[in-house]
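No lab work stands behind these numbers, since they all come straight from the coordinates. As the structure is a computational prediction, the values presented were derived from the model and not from experiment. No Cβ is skipped: glycine too gets one built from the backbone with ideal geometry, and neighbour counts run over all protein chains shown.
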Amino acid sequence: MKYKLGEFVRFVDERREGYITKIIDETTIAVSDEDGFEIPILASKVTRVHGKSEITESISSVNLNTQGSESLIINGIYLAIADDKKIGSVVHLYLLNESSWEVLLSFKTERHNKYKGEFAGLINPNATVKVYTASHKELDLWPKFHIQTLLYSTMEHEAQKPLIFSDQFKAKDFSRDKKNHRLLDHPAWMIQLDSNTTTIDPIKLKESFFKPATAKNEILIPGKEVDLHIEKLRDDYHFLSGSEILSLQLNHFKKYLDAAIVHEQDAIVFIHGVGNGMLRTEVHKILSKHPQVKTFMDAQNERFGYGATEVLIKI
């Protein structure tokens with residue numbers, strides 16, 4: 001197998017191209033085109049589009065010193081993880097440099113204690129470069145990432161230690177909101193690789209930038225309907241496993257059921273959808289054993305089908 005996850009390829013026998021989003025076996029891959037369709041195909045039937053994934057997107061240098069004189073900006077080096085604007089299942093990793101340094105970057109991946117170089121090069125001030133491409137669906141298979149940088153400037157400066165960052169991302173690492181940055185034209189999860197000190201502690205970095213999502217404000221009086229669809233609860237749901245999604249939905253359900261009981265609502269509707277029926281089954285199990293639930297039933301079939309449950313509460 002000569003291809004790797006995230007490479008951009010073109011079909012040999014038809015006018016189609018896209019990113020490799022799955023390695024099926026030794027001879028077969030799956031390619032997602034610009035419409036988001038994932039197409040299984042023999043690896044021998046595609047060809048690599050050289051330079052497509054490695055193009056540096058340079059941004060014109062801007063003067064950040066409002067006094068008009070040149071000064072050294074010593075901080076502002078980030079790892080950014082952003083969704084592909086056309087293919088929802090693909091993310092790209094970028095190195096952003098808004099500092100005054102010329103950054104000599106080494107970016108490697110690690111699998112089973114074996115390392116592979118993915119990118120090495122010089123990144124100018126106020127520029128960004130794409131260093132890796134991966135699939136949302138393959139998050140559990142992402143390698144560990146290792147970043148090392150050397151900082152260079154012709155301006156006078158104090159000695160700078162190399163920046164070192166290593167991490168293997170999990171779904172919970174993406175619980176924070178995306179941020180906009182002037183060097184990218186779309187929001188991304190941001191990790192700053194430098195700070196006011198030149199010594200980088202990867203553990204402290206993760207604690208600082210990947211804190212759990214802030215709990216939503218409690219709704220004192222719940223509405224008559226509560227939507228349990230995961231896309232209504234979390235923006236980062238595509239990074240979560242099936243069990244994590246179900247756990248979040250059930251916790252949300254319990255929270256609003258308790259709120260309805262506390263405020264003596266006589267009824268509340270939970271919209272769980274049809275899907276594979278697992279969420280509906282778990283919701284009904286909890287309701288059947290709850291001492292404050294009078295009864296429950298499918299809610300307005302003509303409106304919800306069998307995708308919602310109405311709960312009558314003992315007052």
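Descriptive notes on the structure:
- By other beta-carbon atoms within 10 Å, ranking 303, 234 with the fewest at the front produces 303, 234.
- Ranked list, fewest to most other Cβ atoms within 10 Å of each Cβ, for 280, 10: 10, 280
- Cα-Cα over 19 Å, subset of 137/179; 108/144; 4/144; 2/130: 137/179; 2/130
- 18 Å Cα-Cα reach of residue 114 towards aspartates and glutamates, excluding residues that sit fewer than 8 places from it in its own chain: 140, 167
- Residue-wise HN-Hα coupling along the stretch 101-107, computed from phi with Karplus coefficients 6.51, -1.76, 1.60 (Hz; x: Gly, Pro): 6, 8, 9, 8, 10, 10, 10
- Taking the square roots of five times each eigenvalue of the Cα gyration tensor of the stretch 8-48, the equivalent ellipsoid has semi-axes of 14, 12, 7 Å, listed largest first.
- For 87, 221, 286, 77, order by how many other beta-carbon atoms lie within 10 Å, fewest first: 221, 286, 87, 77
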